[in-house]
Structure formats: structure tokens, C-alpha cells
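Asks: Below you'll find the structure I mean.
The values are calculated or read from the model by the stated rules, or taken from the named source; none is laboratory data. Bear in mind the structure is a predicted one, so any value in this text is a computation, not a measurement. Cβ coordinates were reconstructed from backbone atoms using ideal geometry, including for glycine residues, and neighbour counts include every protein chain displayed. Side chains included, ligands, DNA and RNA excluded: accessible areas come from the protein's heavy atoms. Shrake-Rupley method; radii C 1.70, N 1.55, O 1.52, S 1.80 Å.
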Amino acid sequence: MHFETKAIHAGAEPDPETGAIAAPIHLSTTFERGIDGQPAHGYSYVRDANPTQSRLEEALAAIDSAAGALVFGSGMAAGSALLQSLAPGSHVLFPDDCYYGFRILATDFFPNWSLTADFVAMEDLDAVRRSMRPQTKVLWAETPSNPLMKIVDIAALVGIAHERGATMVVDGTFATPALQRPIELGADVVLQSTTKYLGGHSDVQGGSLAFARRGSLFEAAMHTRHITGGVASPFNSWLVLRGLRSLGARMRVHCENARAIAELLSKHPRVAVVHYPGLSAHPRHDVAARQMSDFGGMLSFEVKGGRAEALAVASKVKVFTRATSLGGTESLIEHRASSEGPTSRTSESLLRMSIGLEHRDDLLADLEQALKS
Ligand SMILES: *Cc1c(COP(=O)(O)O)cnc(C)c1O
């Protein structure tokens, strides 16, 4: 079955009690037990599992070609639960351009958990091989990356990880399973911040892990979630489930709009560089074309000059809104270094955009007027 069909039908059985087509939200925190003391209907307590969450996990597993999925209260809760499931002494290899939350997690929390980390540019496969240690348990990729839209070769990294007995994790938030399914390329775990495109309306926070196998790592992450408590609420699970039903259709428009904007910016005299994997000038355009069905709705660009020039462009937009985050229906623009704060390594001239579902011509006209000097 194709992605769009699975996204609409997985976990969508009519409610057995009422025949309701829209999934019911079960807000109950506790579930009846039988006279034998055992759960009578398969559920026990909300932090463990609940019926709305189960529907979402079924859908997420289906759309990522996974054997199982676990949902969390945020993308960071999902990633943290996975990393907290590693044995003390484990080493994690992250990409140099990984989501800044994971960089801070590694520096501020890994010492407490007796984990170590290194960061490496993963376009360079020899550098990845050299950075793998006997203790490396996770090779963590993010593609396209945030905010530089770097593309790494998932299948090649899977080869290196598996040769060394490590687990291959891919943060696929920017691509979504509509455009890129790392498990089909051999990856073991896919992380999504469902706060972004899966929720799709900038009104819900969530995260998920999809697993190629329901093995020991799946069990360990489920146990970590149950005990540390970073689980998604029933209402948030419902909102993400509602959002992902239209993911396939939304991504088509996000991609079309982003492609038009990337082309406009790449010809603009005030723009130094555009980071968008759909442009043939992108250094890894070929890898992106191989492992993604389209190039997504995220892009960043650098304004000639520096911080002042970039902030000036962002100050003039009227259709775009100045805000962080991504994946909603509305277009957003942000000065990424300001959002990331003092530990940011992002260029002061960089603006990151989440291209929304507005009419393309309105977005193009807005950027053209904002770029007038
Ligand atoms: C937003 C984001 C995260 C973190 O997700 P939250 O839901 O904000 O915790 C992780 N990775 C990427 C690529 C993201 O964009």
C-alpha cells in the first residue's frame, strides 16, 4: 500500500463501541481490572499505554515501515528516552550539525548518565569510520539537518554502523516519512519531532521513535518511557493522529512552495547562499534525490553582509511570521543564531524558513519586498 493510504487508514478502525469514524479520545488515566487482578481490556494506567496512544503508534509504525513505534511528550523526550536506555559507558556519534537540543543533552546530561559523545561531519564517511570506537553503540544521523540542510547518505552510514555493531538512528523530522523512510534504507530507529510536520498545525507537542524490530532496544526505550514518564498525553496523541492523516497532501504543497522560493533566492543579488537539497547546486543534491521522494519544505539562506543585514530582511516580512519551529500551515522565518542563543554555532547571516501552505505567489512577493535594500 502507498504512503498516503497507510497514513489515512492505519490505526483508523471505526470505534467498536459506537461506529464513530473519527478516533475517540480516551482521557481515562486508569482502566478496569478483572476479578483475577489483571487488566480486563489490555490497558492499566495512562503512563504505560492508552487506547488513543495505541492508535497513533500503529499509524506511525505503518507510515515508517516499522515493526513498532513509541510516542512521547516531545521530540526531545523521545531522543532522551532512547539515549537513557543505553548501557553506562556507551559512546554516541552525533552529526556536527545536529539539532541543538541534542548537543546540549550530550554536554549537560551525558556525564550524569556515564555516556560519551563526539560530533563529526557525516558527509565524510572516512571521518565517521575513524570516529567510531569499540564503545560506540549509536550512530546518530539527521538528514536534512537543522539548520544547514546537510544531507547524509543513510544507507552508507547504516553500513558503517552495522559493521561495528552499532544502532543506526536517524532524526527524520525535516523530511517526515512522507518523503524519506530510513528503515527501508536499513536504519534501526527513526526519530520524529511530531511537533513539526506530523502534527502540522503548530498546536501540539510530541515525539516518536519508530523501530525496525521490536527487539531489546524497543523494550528498553518502552521501559524508560514508562518509568521516566515522558509519554504523550491522550489529547496530544489524538492531535498528532489527526494531523498525520493529511501529511501526504500537505507535504506536496510544502515542497512545491519551497522549491519556488529556493529558486527565487538562489538568483537574488542580496543572497550569498541558499541551503536547499532540491537545488542542483546543493553539494549533496544527488544523495537527496536518491533517498528522498521530494526535498521538503525547509530551507535556509545567508544574506550578504552579516547579522544586521539578516535581521533587517526578517524585520520586513508581512506574510511570513518571525518565529522558531516548523511544519505548520503558516510560513515562518527566523534568525537561527538568535533562537539558539549563546551556544549557537550558526552563522549570524543565516535565516531559516519553514515554508507553509499559503499561495506561492504571496510568499514570493513577500520575500522580494523584504529583500529590497
Ligand atoms: C524540533 C526538533 C527536535 C526536537 O523536538 P521537540 O518536539 O521540540 O522536543 C528534534 N530534531 C529536530 C530536527 C527538530 O526540528
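Asks: Name the single residue that is nearest to GLN205 (Cα to Cα) among those in region 70-91 being open to solvent by 10 Å² or more (accessible area, probe 1.4 Å) and more than 11 Å from the ligand (Cβ to nearest atom).
Replies: So the residue we want is GLN84.
Asks: Right, here's the next one. Would you confirm, using the coordinates I've provided, whether ALA260 is of a type in the set (Gly, Ala, Ser), open to solvent by 10 Å² or more (accessible area, probe 1.4 Å), over 19 Å from LEU364 (Cα atoms) and not in a loop (DSSP other than H, G, I, E, B)?
Replies: So ALA260 fails the test.
Asks: Kindly establish whether THR224 is within 18 Å of MET76 (Cβ to Cβ), more than 15 Å from the ligand (Cβ to nearest atom), in contact (Cβ under 8 Å) with a residue 24 or more places away in the chain and in contact with a helix residue (DSSP H, G or I) (Cβ under 8 Å, 6 or more places away or on another chain).
Replies: Yes.
Asks: Next question. Is one or more of the residues making up region 44-51 surrounded by 16 or more Cβ atoms within 10 Å (Cβ to Cβ), assigned by TED's automatic domain parsing to the domain that holds PHE235, away from the ligand (no atom under 16 Å from the Cβ) and among the small types (Gly, Ala, Ser)?
Replies: Yes, region 44-51 contains at least one residue that is surrounded by 16 or more Cβ atoms within 10 Å (Cβ to Cβ), assigned by TED's automatic domain parsing to the domain that holds PHE235, away from the ligand (no atom under 16 Å from the Cβ) and among the small types (Gly, Ala, Ser).
Asks: Also: For ASP96, are the conditions met, namely being acidic (Asp, Glu) and either within 30 Å of SER237 (Cβ to Cβ) or touching a Phe, Trp or Tyr at 6+ places or on another chain (Cβ under 6 Å) (or both)?
Replies: On the way: acidic (Asp, Glu): yes; either within 30 Å of SER237 (Cβ to Cβ) or touching a Phe, Trp or Tyr at 6+ places or on another chain (Cβ under 6 Å) (or both): yes.
Answer is yes for this residue.
Asks: Okay, moving on. Would you be able to say whether some residue in region 267-278 is open to solvent by less than 10 Å² (accessible area, probe 1.4 Å) and in the same structural domain as THR176 (by TED's automatic domain parsing)?
Replies: Looking through region 267-278, none of the residues is open to solvent by less than 10 Å² (accessible area, probe 1.4 Å) and in the same structural domain as THR176 (by TED's automatic domain parsing).
Asks: Can you name the residue in region 1-43 that is open to solvent by 70 Å² or more (accessible area, probe 1.4 Å) and assigned to a strand (DSSP E or B) and is also farthest from ARG252 (Cα to Cα) among such residues?
Replies: Filtering region 1-43 for residues that are open to solvent by 70 Å² or more (accessible area, probe 1.4 Å) and assigned to a strand (DSSP E or B), the one farthest from ARG252 (Cα to Cα) comes out as ARG33.
Asks: Would it be correct to say that PHE94 is within 16 Å of the ligand (Cβ to nearest atom), touching a helix residue (DSSP H, G or I) at 6+ places or on another chain (Cβ under 7 Å), within 22 Å of THR176 (Cβ to Cβ) and assigned to a strand (DSSP E or B)? If you could, list the steps in order and put the result at the bottom.
Replies: Values: within 16 Å of the ligand (Cβ to nearest atom): yes; touching a helix residue (DSSP H, G or I) at 6+ places or on another chain (Cβ under 7 Å): yes; within 22 Å of THR176 (Cβ to Cβ): yes; assigned to a strand (DSSP E or B): yes.
Against the criterion (within 16 Å of the ligand (Cβ to nearest atom), touching a helix residue (DSSP H, G or I) at 6+ places or on another chain (Cβ under 7 Å), within 22 Å of THR176 (Cβ to Cβ) and assigned to a strand (DSSP E or B)), PHE94 qualifies.
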